[in-house]
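Please read the structure below before turning to the comments.
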């Protein structure tokens with residue numbers, strides 16, 4: 001009869017259980033991965049840049065925590081994937097946001113400069129066209145005064161603007177005044193509209209030397225399907241203002 005190994009001795013010979021196979025999955029690592037995947041929303045909405053930012057913080061802290069509790073927790077790959085996704089998508093979204101802001105500012109400045117140029121040349125009717133929706137503007141090459149003779153509403157709007165002190169001063173100064181861009185106060189993309197608020201400096205020779213005043217110009221991006229139309233509309237013009245950051249709080 002062959003020798004049989006007692007059952008108890010067989011139990012002693014069984015390999016030790018791999019502790020790592022039974023380590024708990026880190027909830028923070030899973031959260032980091034989820035935030036990394038959700039970071040794609042930052043490419044659509046700039047406000048969602050908070051998502052990849054949180055993903056970087058949670059992912060980094062998760063990796064530190066896993067290193068300290070090695071063998072007790074698992075999820076390093078998930079935490080690392082979430083961290084890398086947050087960094088990648090967050091960087092792309094931030095770059096896209098900065099580039100778009102610069103483009104908006106550049107386009108808005110051109111609209112503001114065009115308005116001042118038309119006023120300097122004594123063409124208030126053409127300057128007024130920039131305050132209308134792009135699709136409602138008169139085509140270039142036509143009699144620029146015709147719409148104001150034929151449309152009582154446009155006539156009254158222009159007449160009201162010309163009664164404003166800012167318009168009278170600019171028309172009186174004409175090309176003797178110099179206009180330059182000063183600063184951008186606001187670039188607002190929180191709604192469907194894209195609004196840019198800028199400051200321009202108007203300088204002219206006064207009785208006691210050079211004089212200057214600031215003009216606030218607010219423009220809104222207004223899409224148009226008509227070829228050749230500038231997709232911007234001037235919303236507001238205010239002269240003799242101070243920069244928003246210099247105005248004391250009440």
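Any read-out appearing in this document is the output of simple, stated calculations on the displayed coordinates, not a laboratory observation. Everything numeric in this text was worked out from a predicted model, so none of it was measured. Here the Cβ positions follow ideal geometry from the backbone for every residue, glycine too, while neighbour counts run over all protein chains shown.
Observations, loosely collected:
- When 26, 140 are arranged by Cβ crowding within 10 Å, least crowded first, meaning fewest neighbours, the order is 140, 26.
- Reported label for calculated Cα Rg over 2.2 N^0.38 Å given [x] 1.81; [y] 0.95; [z] 1.16: [x]
- Cα-based helix-to-principal-axis angle, 50-68 vs the chain, degrees rounded to 10: 20
- Between 0 and 90°, nearest 10: helix 152-162 axis offset from the chain longest Cα axis: 90
- Per-selection metrics, region 121-244 (Cα): Rg and Dmax in Å: 15.9, 50
- Taking 0.36 nm per residue of separation and subtracting the Cα-Cα distance, full extension of the segment from residue 186 to residue 44 would add 49.1 nm.
- Residue 121 versus residue 77: modelled label distance in nm, points set 7 Å from Cα along the beta carbon direction: 6.7
- For residue 163 and residue 226, the FRET efficiency from 1/(1 + (r/R0)^6), where r spans their Cβ atoms and R0 equals 25 Å, is about 0.20.
- Residue among 210, 160, 176 with the largest mean-square fluctuation in a Gaussian network model of the chain, springs linking Cα atoms under 10 Å: 210
- Counted by neighbouring Cβ atoms within 10 Å, the residues 235, 226, 198 run from fewest to most as 226, 235, 198.
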